[in-house]
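Have a look at the structure below before the remarks.
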Amino acid sequence: MPLGSNTKFYETPNHPFQGERISEEADLLGRYGLKNKEELWRAQSELRGYRREARILLGDAQGDAEEAELAGEEFLTRLKRYGILADEDGLDDVLSLDVTDVLERRFQTVAYRKGLANTPQQARQFIGHGHITIDGARVTTPSYKVPVAEEDRIAFDENSPLADDLHPERAEGTQE
């Protein structure tokens, strides 16, 4: 796809001025340190895609959950690899996912939850500036979806000033 194309990876809300939805979105933006509503809408669209895929698999199997699970094994494995689904979850559980399940797997949120930053916004800044690495590799995309296997390999870059435990911007009580 050429750069600058007009393809969007999200859908905007059908009713732009609903007070309840706007306040829920504002809460999620603050809680997960998102830059703008577009990031939230992308996560919501991603979740819609997961649900659509699960419904199609269930529909093709005509309600036979075991047959649908076999057909959607690759799909379920991918969701489990990214930690969106737990290991014991099945296709039915995809339909009950919430947008927070998707947002929790963002690099920015995982780094914040690991205690590498005081706030999700600070985690976003550290990631953007290249202070936090995954397995020694710099990833500067806060929206990167972290696979469960890589979660334990998130740390400060050894060349970053933040690698020093005494750095004033380090989160309280973060000792590696």
Margin query: Going by Cα centres, the stretch 123-161 and the stretch 22-89 are how many Å apart?
Written below: 24
Item checked: Size of electric dipole in the stretch 19-101: Cβ of Lys, Arg +1 and of Asp, Glu -1, about Cα centre, debye, nearest 20 -> 620
Check: Under a plain spin-label model, where a point goes 7 Å from the Cα along Cα-to-Cβ, how far apart in nm are Glu20 and Asp64?
Finding: 4.1
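Per residue, how big is the convex hull of the stretch 71-153 when only Cα atoms are used? Give it in Å³. Mind dumping the intermediate values first?
Details: hull volume 7.7 nm³, N = 83.
Taking only Cα atoms, the stretch 71-153 has a hull volume of 92 Å³ per residue.
At 0.36 nm per residue, minus the direct Cα-Cα distance, what do Glu104 and Ile56 gain on full extension? Give it in nm, one decimal, please. Intermediate values should be presented prior to the final figure.
Values: separation 48, 0.36 × 48 = 17.28 nm, distance 2.52 nm.
That pair, Glu104 and Ile56, stretches by 14.8 nm at full extension.
Once every DSSP H run of n ≥ 4 in the chain is given -39500 (n - 2.57) and the sum is divided by its residues, what mean residue ellipticity at 222 nm do you get, rounded to the nearest 500 deg cm²/dmol?
Working: 8 runs with 80 residues, N = 176.
When only DSSP H runs of four or more count, the value is -13500 deg cm²/dmol.
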Checklist line | Cα gyration tensor of the chain - equivalent ellipsoid semi-axes, whole Å, descending | finding: 32, 21, 15
Margin query: Can you give me the distance in nm between label points at Arg113 and Asp87, each placed 7 Å from the Cα along the Cα-to-Cβ direction?
Written below: 1.7
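For a quick check of your reading of the filter: which chymotrypsin sites (Phe, Trp or Tyr not before Pro) in the stretch 1-64 sit in a DSSP loop and have no more than 15 other Cβ atoms within 10 Å? Don't skip to the answer; put the middle values down first.
Numbers: sites: Phe9, Tyr10, Phe17, Tyr32, Trp41, Tyr50; in loops: Phe9, Tyr10, Phe17.
For chymotrypsin sites (Phe, Trp or Tyr not before Pro) across the stretch 1-64 that sit outside H, G, I, E and B with at most 15 neighbouring Cβ atoms in 10 Å, the list reads Phe9, Tyr10, Phe17.
Looking at the stretch 42-116, which GluC sites (Glu not before Pro) are in a loop (DSSP not H, G, I, E or B) and have at most 13 other Cβ atoms within 10 Å? Could you put the intermediate results ahead of the total?
Values: sites: Glu46, Glu53, Glu66, Glu67, Glu69, Glu73, Glu74, Glu88, Glu104; in loops: Glu88, Glu104.
Qualifying residues, ordered by number: Glu88.
Computed from the coordinates by the stated procedures, all read-outs in this text should not be read as laboratory data. On a predicted model such as this, the values are computed, not experimentally measured, just so you know. Cβ atoms come from the backbone with ideal geometry, glycine included; neighbour counts cover every protein chain shown.
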